[in-house]
Amino acid sequence: MRAVALTEYGDADVMSVQELPDPLVGPDVVLVRVAAVGVNPVDYKIRQGKLRERFPHHVPLVPGWDVAGTVEKAGPAATEFAAGDEVLGYVRKDHVQWGTYAELVAAPVRTLAHRPPGLEVVTAAALPLAGLTALQALRATGAGPGDTVLVHAASGGVGHLAVQVARELGAIRVLGTSSERNADFVKSLGADPVTYGPGLGDRVAELVGGDGRVDVAVDFIGGEALAASPALVRDPARHVSVVDPAPVLEQGGRYVFVRPDAEGLGWLAERVADGRIIVEIQQVFDLAAAPDAHRLLEEGHVRGKLVLRL
Ligand SMILES: NC(=O)c1ccc[n+]([C@@H]2O[C@H](COP(=O)([O-])OP(=O)(O)OC[C@H]3O[C@@H](n4cnc5c(N)ncnc54)[C@H](OP(=O)(O)O)[C@@H]3O)[C@@H](O)[C@H]2O)c1
């Protein structure tokens with residue numbers, strides 16, 4: 001199969017198109033012919049070698065954890081799927097090697113959901129990792145009816161979905177931090193935009209009124225945003241970060257590392273298919289242009305998602 005792979009860690013140029021063996025298909029594994037791949041910051045962090053102390057890595061290494069495509073073959077115990085099914089998945093495995101920037105990917109059943117009619121394939125590829133992160137972060141806070149929710153980095157891949165997921169979970173009000181450039185976009189998602197940067201806490205407090213605090217905060221950027229959160233949440237246990245475990249745990253909040261979750265993925269896919277949740281896609285690249293997609297994402301200012309199309 002053709003895949004984008006690396007044999008050494010470093011900048012975006014370490015990735016190239018290579019011919020690699022087709023994946024093995026285990027008994028409870030599904031072989032997916034890949035149509036599109038969502039690009040996530042974790043992909044470039046893996047490419048840089050930054051996750052080598054957390055997961056075993058092996059080369060040649062094909063990056064990528066998000067996928068949408070068609071089932072080519074289902075292992076004998078993978079009874080949930082059959083050849084020809086359209087699927088999407090967050091295909092994180094215990095070892096980092098055979099990712100989704102490839103024509104074929106072997107996906108454990110727990111990582112996949114059926115792609116409903118109405119969910120277009122590029123959109124489906126952009127959804128899994130970011131959507132599940134948004135959903136699992138918000139569920140970890142118990143976000144629900146009546147809550148006011150603050151989403152840090154509301155214009156990014158995870159944040160723009162978190163704003164909408166918070167609404168779906170019943171939040172009465174969502175505030176989303178962004179640059180001024182993205183304020184209208186954040187507003188269009190159903191949140192009150194707040195400009196990030198110095199004075200953020202004061203701006204949030206002023207917008208909220210009353211005691212100046214929110215019920216829930218979810219952080220998808222870290223740094224100053226995370227530092228501001230404890231003072232802005234009524235109960236520190238209801239603030240979550242996905243960026244760096246140590247600071248949020250010290251603050252009494254929670255750290256979430258997104259897990260493959262077929263049920264959660266189905267929940268999200270259904271809502272995107274019927275238009276309740278919009279997935280913003282800034283740009284679609286050819287698979288071979290993966291280095292360009294990484295360079296753009298690494299600048300840190302993508303609106304929504306980037307996708308590779310095969
Ligand atoms: N633990 C986990 O399971 C997990 C899962 C997913 C993601 N993550 C991590 O979460 C982070 C976000 O992921 P992502 O996919 O959403 O990234 P992303 O799409 O690259 O985020 C880009 C967005 O961040 C915004 N931004 C930049 N600086 C900001 C600031 N100081 N305050 C608020 N917003 C700011 C940008 O808005 P402007 O252009 O307006 O500046 C841009 O829209 C990454 O570090 C990623 O690795 C962790």
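The values are calculated or read from the model by the stated rules, or taken from the named source; none is laboratory data. None of these values were measured; they are calculated from a predicted model. What goes into the accessible areas is simple: the full protein's heavy atoms, side chains included, and nothing from ligands, DNA or RNA. Shrake-Rupley method; radii C 1.70, N 1.55, O 1.52, S 1.80 Å.
Quote the relative contact order of region 180-263 in percent (integer), defining contacts as alpha-carbon pairs under 8 Å separated by 6+ residues.
19 percent
Which lysines, if any, have their Cα less than 17 Å from the Cα of LYS50, not counting same-chain residues under 8 positions apart?
The reachable lysines, counting only those whose Cα sits under 17 Å from LYS50, are LYS93.
Which shape class applies to region 27-146: rounded if a/c is under 1.5, otherwise prolate when a/b exceeds b/c and oblate if not, where a ≥ b ≥ c are the square roots of the Cα gyration tensor eigenvalues?
Oblate.
What accessible area, in Å² to the nearest ten, does a 1.4 Å probe give for ILE281?
Roll a 1.4 Å probe over it and ILE281 shows about 50 Å².
Leaving ligands, DNA and RNA out of it, rank LYS50, LYS45, LYS305 by accessible area with a 1.4 Å probe, largest first.
Result of the area sort, largest leading: LYS50, LYS45, LYS305.
When only the heavy atoms of the protein chains count and the probe is 1.4 Å, how do ARG303, ARG167 rank by accessible area, highest first?
My answer, sorted largest first, is ARG167, ARG303.
For region 26-80 and region 173-199, what is the centre-to-centre distance using only Cα atoms, to the nearest Å?
First find each Cα centre; the distance between them is then 33 Å.
Over the chain, what percent of the accessible surface lies on carbon and sulfur atoms, probe 1.4 Å?
It is 51 percent, rounded to a whole number.
Heavy-atom accessible area per residue, the chain, 1.4 Å probe: how many Å²?
40 Å²
Using a Gaussian network model of the chain with C-alpha springs under 10 Å, which one of PRO41, PRO21, PRO291 is most mobile by mean-square fluctuation?
Maximum fluctuation in the GNM of the chain, among the listed residues, is at PRO21.
Which of HIS294, HIS58, HIS239 moves most in a GNM of the chain, Cα contacts under 10 Å?
HIS58
Ignoring ligands and nucleic acids, what accessible area does TRP98 show with a 1.4 Å probe (Å², nearest 10)?
Roll a 1.4 Å probe over it and TRP98 shows about 100 Å².
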